[in-house]
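The following block contains the structure, expressed as structure tokens.
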Amino acid sequence: MPLTQQFARVTSEYLDHCRASALASPDASPGWDPPDTCLLDTDWAIWGLIHHCRSTGADPQVIALLDRAVTGDPDGDAEFLDHEKFYDGFGDPPRLLTPTAVTDIAAALDRIRLDDLLSELPTSTEEAATACGFDAGFDGDVRAHLTEHFVAMREFYRAAAQHSQYVVTWVD
């Protein structure tokens, strides 16, 4: 099963509920089950965009922003989500971004000119897939794939910021 980048936007009340559930549960289960409308799966597209940006010498601040958007902040209070029913143990445990961090990320994502970042992306599917670190068997339009998932992530962060929500990031 391929790995994908996952996001959830949740309220502080929901996080408090999950913390309390983890404390009360004999197996420390956080009872994590946000509604589907509050979840986002960007597949591996944003990782590919980051790979491409690094290889083309894009602005390091843009790369750091994209990396933070997908990996979260390491100092967030999310230890209660490090549970086998939610997180399978691959990579870093789930990480949390506060509403302030979410607002900052949303505003910065809004300033990114994606066409500029993709200006050096090769036109051939095979070369574009390689430029993004994707498997040679990638089938489809790489530019469209990156654009679709970047736009979805930007809109996701924008909605979370508008509702003063936290964002949880993890790899599944």
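Go through (1) among the small types (Gly, Ala, Ser); (2) open to solvent by less than 50 Å² (accessible area, probe 1.4 Å); (3) under 18 Å from the mean Cα position of the chain (by Cα) for Ser164 and report which single condition fails.
Of everything listed in (1) among the small types (Gly, Ala, Ser); (2) open to solvent by less than 50 Å² (accessible area, probe 1.4 Å); (3) under 18 Å from the mean Cα position of the chain (by Cα), Ser164 misses just condition (2).
Moving on. Kindly indicate whether any position in segment 42-50 is open to solvent by 60 Å² or more (accessible area, probe 1.4 Å) and not hydrophobic (A, V, I, L, M, F, W, C). Explain how you work it out, then say what you get.
Going residue by residue through segment 42-50, those that are open to solvent by 60 Å² or more (accessible area, probe 1.4 Å) are 44, 47.
With not hydrophobic (A, V, I, L, M, F, W, C) added as a condition, the list becomes none.
Looking for residues that are open to solvent by 60 Å² or more (accessible area, probe 1.4 Å) and not hydrophobic (A, V, I, L, M, F, W, C), one finds none in segment 42-50, hence no.
Looking at Asp116, Asp92, which one is among the charged types (D, E, K, R), surrounded by fewer than 16 Cβ atoms within 10 Å (Cβ to Cβ) and in contact with a Gly (Cβ under 9 Å, 6 or more places away or on another chain)?
Values: Asp116 fails: in contact with a Gly (Cβ under 9 Å, 6 or more places away or on another chain).
Exactly one of Asp116, Asp92 is among the charged types (D, E, K, R), surrounded by fewer than 16 Cβ atoms within 10 Å (Cβ to Cβ) and in contact with a Gly (Cβ under 9 Å, 6 or more places away or on another chain), namely Asp92.
Pick out, from segment 57-172, the helices (runs of 4 or more DSSP H) lying fully within it that include 2 or more residues that are under 17 Å from Leu40 (Cβ atoms).
Details: elements: 60-71, 99-111, 114-117, 125-131, 142-162.
Counting at least 2 such residues, we get 60-71, 99-111, 142-162.
Among the residues of segment 55-72, which ones are among the small types (Gly, Ala, Ser) and at negative phi?
Residues satisfying the conditions are Ser55, Ala58, Ala64, Ala69.
Out of (1) exposed (fewer than 14 other Cβ atoms within 10 Å of the Cβ); (2) assigned to a strand (DSSP E or B), the odd one out for Asp33 is which?
The failed condition is (2).
Can you report the number of residues in segment 80-119 which are closer than 20 Å to Ile50 by Cβ and either modelled with pLDDT of 95 or more or of a type in the set (Phe, Trp, Tyr) (or both)?
20
Based on this model, can you work out whether Asp59 counts as open to solvent by 70 Å² or more (accessible area, probe 1.4 Å), more than 30 Å from Ser119 (Cα to Cα) and acidic (Asp, Glu)?
Against the criterion (open to solvent by 70 Å² or more (accessible area, probe 1.4 Å), more than 30 Å from Ser119 (Cα to Cα) and acidic (Asp, Glu)), Asp59 does not qualify.
The values are calculated or read from the model by the stated rules, or taken from the named source; none is laboratory data. On a predicted model such as this, the values are computed, not experimentally measured, just so you know. Neighbour counts run over all protein chains shown; Cβ positions are idealised from the backbone, glycine included. Note: areas computed on protein heavy atoms with side chains; ligands, DNA, RNA excluded. Shrake-Rupley method; radii C 1.70, N 1.55, O 1.52, S 1.80 Å.
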